[in-house]
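To keep things clear, I will list the structure first and then write my remarks on it.
The values are calculated or read from the model by the stated rules, or taken from the named source; none is laboratory data. Predicted model, so just to flag it, every value in this text is computed and none were measured. Virtual Cβ from ideal backbone geometry, glycine too; neighbours counted across all protein chains shown. Ligands, DNA and RNA are stripped out before the accessible areas are found, and what is left, the full protein with its side chains, is counted by its heavy atoms. Shrake-Rupley method; radii C 1.70, N 1.55, O 1.52, S 1.80 Å.
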Amino acid sequence: MIKKPEENKKKDDRPFWKKPITYILGGILLVMVIFGALVSSDMAGTKGSISYVDFQNDLSKGYIEEVAYTKGNHFVTVTYKEGVAQEDILDEKTGEVRELEIVDNRRIETVLNPDDEDFFKNIALEGVEITIISDTSSAFIQLIVSLIPTCIMIGLIVWMMKMQFGGGGKDPTAQKAQKSTTKFSDVAGMTEEKEELMFAIKSLKHTEEYLEKGVKPVRGILLEGPPGVGKTLLAKAVAGEAGVNFLSYSGADFVELFVGMGARRIRTMYETAEKMKPCVVFIDEIDALGRKRAAGGNPGNQEADQTLIALLEKMDGMNTTSGILFIAATNRVDSLDSALLRPGRFDKTIHVSPPKSKEDREAIVEVHSKGKTFAEGVTIEKIAKQCYGLTGAEIASALNDAVLESFKADRGGIISLDDIDKAIMKLFAKGLAKGRHSEKDMYRVAVHEAGHAVMNKALDRSVVKVSIQPYSSGVGGVTQVDGENSGLDGLMTKTDIINSIKVLYAGKVAEEIILGECSVGASNDLERATYAIRDYIGTYGMNGDNLLSLVGLARENMMITANEKLLEDMQKVAEEIYAEVVEYFAKDEVKQIVQNLSDYLVEYEVIYDFDLAYEQAKNNEPIVLEKKSLTDVDKANEIALEKETEVEVDA
């Protein structure tokens with residue numbers, strides 16, 4: 001099994017109430033409650049204890065001795081004369097007698113300040129003493145209350161800026177280096193890629209020796225390839241083989257909201273690398289960081305551009321003896337800025353692809369087969385042949401799903417080739433559908449798939465599996481042919497392309513000749529054939545005297561003219577190839593073969609030993625193959641997997 005280094009990041013397992021965000025939210029809530037209480041208490045005084053009308057009546061009767069007013073408040077305090085107007089007062093709202101406030105035998109009330117210039121003038125005319133109080137504490141409270149919203153907003157902005165550094169002010173680029181324990185021996189397959197990386201490893205180990213010979217060490221390596229091929233694992237193995245520190249980042253670590261923060265993290269990353277050298281700095285998904293700069297200087301791209309420029313500057317400023325090797329990974333190399341790919345920055349671009357050779361596939365299968373139990377006769381070689389075209393991650397997923405398929409069949413986790421076949425088809429077509437075709441549709445699908453298979457046979461392509469089992473993705477049938485020996489793998493010739501188009505048309509033609517009309521099931525074949533003809537004429541220039549790339553012209557200003565010429569030539573070639581296929585299937589012998597194969601497929605759904613079935617159908621004999629259920633096809637797989645295969649599916 002592959003050993004994985006301990007993760008550098010630690011998970012925060014603290015309860016929610018002990019995390020900083022809880023205290024921040026609690027503080028904001030407390031401030032809001034205090035603010036609301038202060039405002040409420042301030043507004044409470046606006047109600048008063050007696051009405052303005054009652055106050056005016058008592059004032060005119062001479063009951064009032066003194067009025068006290070506090071600056072900034074919304075009410076005034078009224079002091080009645082001694083012993084005056086102290087009768088019980090009925091509260092109109094509650095219907096109860098209101099208790100009066102009596103101080104030194106004088107009634108004390110409050111009344112709303114109408115903020116009218118004549119209010120205090122009228123009071124003075126009645127001979128009532130007016131006291132104005134300057135309350136500095138009230139003014140201070142009002143100032144504090146007015147500043148609370150501003151302080152809250154400033155606090156939120158500061159907190160958001162800190163969160164941009166990974167939470168709590170932590171910068172994800174300021175991390176500790178780790179020693180990679182992964183070696184090339186832990187990386188299965190990828191023979192060519194490992195050979196190309198050996199130079200970088202030697203340059204890290206023997207920098208001075210290389211410099212004496214006039215060789216500059218590699219500064220950067222770009223690993224380009226589809227997801228799941230093992231780019232990250234390969235980068236760890238480089239550091240492990242060289243015995244140097246390993247720093248791992250993601251392109252998303254440098255994508256920030258505020259201008260300048262991404263560039264700051266680039267500088268932090270480089271400073272960390274300087275302290276830990278010699279080291280390997282790995283940046284996964286670098287396309288998030290190094291996208292092409294847009295023309296026109298769009299202000300929205302300012303932060304992304306500054307971050308990229310900071311990385312370019314640091315890679316340019318590295319000394320040739322720095323002992324720092326940058327390795328980046330992406331599956332979108334076409335989106336990277338050209339300045340990032342020039343020599344002196346990322347000197348080498350290595351394409352990491354799914355395993356190319358049988359040996360590489362077997363090595364990957366062996367790694368992911370550890371700890372699993374296989375049925376008798378299931379070998380690494382047979383599994384590897386089934387996994388043709390899959391990436392390392394897909395092989396691991398298929399073998400894991402194969403174990404689940406085994407449990408579904410009540411075989412206790414013992415994996416058969418049929419389990420692996422089902423798991424692989426899940427990757428291609430999302431597994432078998434629960435519902436089945438109607439009898440009428442089954443026969444149509446059988447004719448369609450038999451047409452594909454018979455055309456392959458006529459073109460000397462080895463067919464290893466024909467199935468009309470419906471799949472969840474909508475795929476109605478599958479024809480599996482030899483990938484390496486049928487012109488489908490490697491450099492395709494003009495004849496290979498024409499043959500592929502004939503096979504695509506064969507299902508539609510078989511339906512038309514045997515059943516009188518075609519169905520919508522041929523739509524995917526027609527679409528693929530159209531694109532193949534377009535490339536045949538417009539991209540590869542294989543049609544007669546045409547030496548122009550019409551597809552290329554269609555992308556330029558000559559789009560209309562190029563499209564007209566391209567469509568005219570495509571229609572002509574399509575008619576010629578289609579006519580050849582129709583002529584072949586119109587033969588009575590071929591029609592008989594297709595009908596016999598279709599009858600067998602309707603009954604048994606799958607043909608693995610197609611060569612034998614074809615010969616029996618050709619001789620108009622009953623097709624007699626070893627009977628097998630859908631869950632017991634190991635022996636049939638042994639026949640089918642003698643050759644490496646590629647899958648053709650029909651919608």
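The table for this structure:
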item: Failed condition for Ala402, given (1) modelled with pLDDT of 85 or more; (2) of a type in the set (Gly, Ala, Ser); (3) under 30 Å from Val582 (Cβ atoms); result: (3)
item: Residue check, Ile21 out of contact with any strand residue (DSSP E or B) (no Cβ under 6 Å at 6 or more places or on another chain), surrounded by 12 or more Cβ atoms within 10 Å (Cβ to Cβ), at pLDDT below 65 and within 30 Å of Lys179 (Cβ to Cβ); result: no
item: Odd one out for Glu376 among (1) under 29 Å from the mean Cα position of the chain (by Cα); (2) not in a strand (DSSP E or B); result: (1)
item: Per-region count, the stretch 342-378, residues among the hydroxyl-bearing types (Ser, Thr, Tyr) and open to solvent by 60 Å² or more (accessible area, probe 1.4 Å); result: 2
item: Filter pass, Gly220 being touching a helix residue (DSSP H, G or I) at 6+ places or on another chain (Cβ under 6 Å), of a type outside the set (S, T, N, Q) and open to solvent by less than 50 Å² (accessible area, probe 1.4 Å); result: no
item: Some residue of the stretch 451-468 being at pLDDT 85 or above, open to solvent by 40 Å² or more (accessible area, probe 1.4 Å) and not in a loop (DSSP other than H, G, I, E, B); result: yes
item: Among residues of the stretch 99-115, those that are among the acidic types (Asp, Glu) and either in a helix (DSSP H, G or I) or surrounded by 10 or more Cβ atoms within 10 Å (Cβ to Cβ) (or both), counted; result: 2
item: Residue match in the stretch 499-514 (condition: open to solvent by 50 Å² or more (accessible area, probe 1.4 Å) and either at pLDDT 80 or above or in contact with a strand residue (DSSP E or B) (Cβ under 7 Å, 6 or more places away or on another chain) (or both)); result: yes
